[in-house]
Every structure is written in C-alpha cells, then in structure tokens.
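To start, the structure itself, in structure tokens.
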Amino acid sequence: MALMQRFVDKIKQIYLVYELRTAISMLEPWEKRLFNSVLLLFIGMSCYTTYLFLPSYTRSAITYFTS
C-alpha cells in the first residue's frame, strides 16, 4: 500500500510542478479544465497524425536517400 501512496504522491507533485510552470495555478477551475482539455486535444491530435503519416514519410525519405 505504501508503494501506491508514493506513486500517487509523485503524480500529485508532477501535476503541481506542471501547474506552476505553466502558470495555470492562478486560473479558475473551469479555466484550468478548458486549458487542460485543449492541451490534451492538441497532444492527442499530434500523436494521431504522427502515427498516421510518419511511416509513409519515413519510407519515402529512405527511398529518396537510398536511390
């Protein structure tokens, strides 16, 4: 149980550092949720686009440079 508590404490500490570095600690709760939602949406779309298009770009770059 102590291991799980340390894990939760570490996650809370990381989130606190994230809040302080991005200065969202001074926002209201609804603004924090909106900011975090937009950020997660942007990261999700970036990951999806990378997953979708990077293999074909890599394959065409390899073909271009090896020919």
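At the residue level, Tyr57 shows approximately 150 square angstrom of accessible surface with a 1.4 angstrom probe and all protein chains present. Average accessible surface for the chain: 94 Å² per residue, computed with a 1.4 Å probe over protein heavy atoms with every protein chain in place. Ligands, DNA and RNA left out, the 1.4 Å accessible surface of the chain is 72% carbon and sulfur atoms.
The values are calculated or read from the model by the stated rules, or taken from the named source; none is laboratory data. Keep in mind the model is a prediction, meaning the values are calculated, not measured. To get the accessible areas, we keep the full protein, side chains included, count just its heavy atoms, and leave off ligands, DNA and RNA. Shrake-Rupley method; radii C 1.70, N 1.55, O 1.52, S 1.80 Å.
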